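The values are calculated or read from the model by the stated rules, or taken from the named source; none is laboratory data. Keep in mind that what you see is a predicted model, and the values were worked out from it rather than measured. Glycine also receives a Cβ, built like all others from the backbone with ideal geometry; neighbour counts cover every protein chain displayed. Only protein heavy atoms, including side chains, enter the accessible area calculation; ligands, DNA and RNA are left aside. Shrake-Rupley method; radii C 1.70, N 1.55, O 1.52, S 1.80 Å.
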Amino acid sequence: MDERMTEKEQATALIDEYTRLQRIKAAKDRDEEIEYQIKTTRAKLEALGIMTEHLDK
């Protein structure tokens, strides 16, 4: 099975990343926004079976 991302999937992922960065840039409380982004990204990774505790500082 080919697990490479299509061009459309790559574009979607990059748009999502750009949106997240813009949210952080515009946030009144950047630390709170960063924590929110980490929390949601961690949930997405764990839903795919990827544990994040070894990545946490």
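Numerical summary
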item: All positions within the range 1-15 that are assigned to a helix (DSSP H, G or I) and exposed (fewer than 11 other Cβ atoms within 10 Å of the Cβ); result: GLU7, LYS8, GLU9, LEU14, ILE15
item: Residue in the range 20-48 that is modelled with the lowest pLDDT, counting only those that are open to solvent by 60 Å² or more (accessible area, probe 1.4 Å) and in a loop (DSSP other than H, G, I, E, B); result: LEU48
item: Positions within the range 23-46 being of a type outside the set (Lys, Arg) and under 13 Å from the mean Cα position of the chain (by Cα), in sequence order; result: ILE24, GLU33, ILE34, GLU35, TYR36, GLN37, ILE38, THR40, THR41, ALA43, LEU45, GLU46
